[in-house]
């Protein structure tokens, strides 16, 4: 399965190999890979290192754990010497660090001596001094061995928890100075990682190219599901629901598909049914020892260590149940707006919540469903009868499936019109870094464009603005934009929001032309973000 996931990240892997090739040719571009926990960052990095065939370059891979400073130092040195000796074919089996140092003596006597000295000090010296000596040792190795180094720090944001405050700024200085070293970092904490990259690692020489791993779209998710189900058939409807429910997260897709496939085989069923899927979700999400239930319970447990511990959980439950604007949350929680904002900001810092305009959303799609259907159900249930709670859970999931399937049958234009109809006074959204101030529509309708490739659109009128949107299910090109510009000229109002919405690819030149004419272009991800803000099922394509 790792091979399937790695193949779906081919674009990222190709870029890493390109950066390695550039480094070998004398050009260094450091890389930071960001993405949710278990989204496949480590899989990509290990696949990259497995195929590492750069002569004269030694990789160092270290997964960083908080509060384990001496372990971090030893693992850096261990990885360096192990990979060097492995390349020299001087390893017979798994070796300890002390043995690795001894094996290095004949080939690199200065590096071996410095390593022995470093290991003797590791529990005595000040943390900042040890950090400096570690990188001095890397530089010595590079000079003595005539090899360059690629340092891969997995979960690099944990550096801040390794022993001293200035570790990231000191690392930044080293990155600028040690030009014979390429740095590749990864992090599951996007907010903190971006803060480190912008503050401590925004360098004149050695800047980082940031790559973000996203959840898989329809085709990628379908490959994972099909691979796991094998000979068991799964309808397009249920496959799309799986993708919707998990948000296309590879770990969730993998676990859910594996459990559902096992349940089908145990029941001697050749096709996945809604009933088997619901019972699988019950096992994983609802029961105490379910994989997803345990994972999310542990995440919430981290929030309950301080004062007002339950406030965060009540807030998350409220967001999951659709109270996702400040104007809804404050009265629901019976708290001042300032108090709610403070708690939301804390959850954003932890990577649990995200903010879009005036909306808060739970970043993890499956966590949101667990809060809504399992956690809130157990918390608010009037009955202690587990059988009744399970039956209610089944009814809720069946209803979710029915709603998803019914909505999926509607046209793209109808779905866009429906979500526009949910806009309220003072709602604010951010799409492609452009802010839209929303209002309830006094008039909203689907329209048709005559003699145009843009057949369908939306006309909307609020108190102060007009909204004109063209909707197209396939790609958008320059000709489409030119036609839309001509049509939009007939509306003379001062404030007109002009949008072209497409399910397909939007040509680069079409985007530029639209931008010049102050026309927003929304692709499928933009549309899905909007649908999610208003609690509507995503479009799976």
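Answer with yes or no whether residue 182 is surrounded by 22 or more Cβ atoms within 10 Å (Cβ to Cβ), in the same structural domain as residue 78 (by TED's automatic domain parsing), more than 23 Å from the chain's Cα centre (by Cα) and within 29 Å of residue 25 (Cβ to Cβ). Yes: the conditions hold for residue 182. Checking each residue in segment 143-176 for being surrounded by fewer than 18 Cβ atoms within 10 Å (Cβ to Cβ) and closer than 22 Å to residue 81 by Cα picks out 143, 144, 146. If you go through segment 239-274 and keep only what is farther than 27 Å from residue 43 by Cα and either within 24 Å of the chain's Cα centre (by Cα) or not in a helix (DSSP H, G or I) (or both), you end up with 267, 268, 269, 270, 271, 272, 273. Residues satisfying the criterion are present in segment 22-32 (criterion: closer than 30 Å to residue 103 by Cα, outside the structural domain of residue 225 (by TED's automatic domain parsing) and over 20 Å from the mean Cα position of the chain (by Cα)). Selection over segment 441-474 of residues that are loosely packed, with under 14 Cβ neighbours inside 10 Å and either over 16 Å from residue 417 (Cα atoms) or in contact with a helix residue (DSSP H, G or I) (Cβ under 7 Å, 6 or more places away or on another chain) (or both) gives a count of 5.
Answer yes or no as to whether residue 438 is crowded, with 17+ Cβ neighbours inside 10 Å and either more than 34 Å from the chain's Cα centre (by Cα) or at pLDDT below 90 (or both).
No.
For segment 359-378, state whether one or more residues are in a helix (DSSP H, G or I) and either without any contact (Cβ under 8 Å) to a residue 12 or more places away in the chain or more than 28 Å from the chain's Cα centre (by Cα) (or both). Yes. Of all positions in segment 90-99, none carries a residue that is assigned to a loop (DSSP other than H, G, I, E, B) and closer than 25 Å to residue 35 by Cα. Being farther than 17 Å from residue 538 by Cα and surrounded by 21 or more Cβ atoms within 10 Å (Cβ to Cβ) is the filter here; which residues of segment 229-249 pass it? Answer for segment 229-249, where residues must be farther than 17 Å from residue 538 by Cα and surrounded by 21 or more Cβ atoms within 10 Å (Cβ to Cβ): just 234. Per this entry, residue 131 is not counted among residues that are modelled with pLDDT of 90 or more, assigned by TED's automatic domain parsing to the domain that holds residue 199, under 25 Å from residue 199 (Cα atoms) and in contact with a strand residue (DSSP E or B) (Cβ under 9 Å, 6 or more places away or on another chain). Among the residues of segment 55-99, those that are surrounded by fewer than 18 Cβ atoms within 10 Å (Cβ to Cβ) and touching a residue at least 60 places away in the same chain (Cβ under 8 Å) comprise 56, 63, 65, 66, 67, 68. The residue that is surrounded by the fewest Cβ atoms within 10 Å (Cβ to Cβ), counting only those in segment 202-218 that are in a loop (DSSP other than H, G, I, E, B) and at pLDDT below 90, is 204. The condition (being in contact with a helix residue (DSSP H, G or I) (Cβ under 7 Å, 6 or more places away or on another chain) and buried (at least 19 other Cβ atoms within 10 Å of the Cβ)) is satisfied by just one residue among 326, 321, 333, 281: 281. Scanning segment 312-339 for residues that are part of a helix (DSSP H, G or I) and either free of Cβ contacts under 8 Å to residues at least 12 places away in the same chain or more than 27 Å from the chain's Cα centre (by Cα) (or both) yields a count of 9.
Taking residue 163, is it at pLDDT below 90 and at positive phi? Answer is yes for this residue.
The values are calculated or read from the model by the stated rules, or taken from the named source; none is laboratory data. What you are looking at is a predicted structure, and each value in this text was computed from that prediction instead of being measured. For neighbour counting, all protein chains shown are included, and Cβ atoms are generated from backbone atoms with ideal geometry for every residue, glycine included.
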